1. How far apart, in nm, are the 7 Å Cα→Cβ label points at Lys73 and Asp147?
2. I want to make sure I understand the PRE zone here: with the label point 7 angstrom from the Cα of Asn139 toward its beta carbon, which residues in segment 86-101 have backbone N atoms less than 19 Å away?
3. Taking all protein chains in place and a 1.4 Å probe, what share, in percent, of the accessible surface of segment 34-102 do carbon and sulfur account for?
4. How much of Tyr159 can a 1.4 Å solvent probe reach, expressed as accessible area in Å² and rounded to 10?
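The values are calculated or read from the model by the stated rules, or taken from the named source; none is laboratory data. Note that the structure is a prediction, hence the values are computed from the model and not measured. Neighbour counts run over all protein chains shown; Cβ positions are idealised from the backbone, glycine included. Quick note on the areas: whole protein, heavy atoms, side chains included, nothing else; ligands and nucleic acids left out. Shrake-Rupley method; radii C 1.70, N 1.55, O 1.52, S 1.80 Å.
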Amino acid sequence: MTITTNYSAIGSIYFYQIIEDIIRIAKLNEGEKVILDYGCGNKILDSKINNNKVLNYDLDPIYSDFSSIDGLKFDYIVLNHVLMYLNKKEIEILFKKIKKMNSQCHFVIGIGKQNILSKIGKFITFNFNAHNETVSSYNQQMEIIYDNMKILNYKKNIYFMTDIFHTSLI
């Protein structure tokens, strides 16, 4: 089963807003940056970045430009609605790997709340299988972020369903 976000129909309003907020919060269109979009899916972030290079990686090789992130050089990593598919140990391993690759790396993390509005939204958009593959809850993801990161900037409650954090590892 693929876990790629569908950026069409009514749900596209929500998901495109998240992408725009990710770009704005972390200033991804400013300066010279190399950005790893970890869980890139349909490469929507790449299509919205004007001035910087985006490295598109996804576990599903259909979407990925790379078979692994090993050896890639990047300044920012975007994890938009990705951590929910990993357990605590997998998230911590990923964070340690990124820190080893670039201890100055900035993280931009989008976390879905999977609250009552999200549950209503999945029916309105006919995306009945949304959240079926979820492994870690919003609270579990937040605990890992608070334990491992310094929050540089954030935006909460995008349509009351997603929070975005611009962070660095501590």
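1. 3.3 nm
2. 86-89
3. Values: 1730 of 3550 Å².
Reported share for carbon and sulfur atoms: 49 percent.
4. The value for Tyr159 is about 110 Å².
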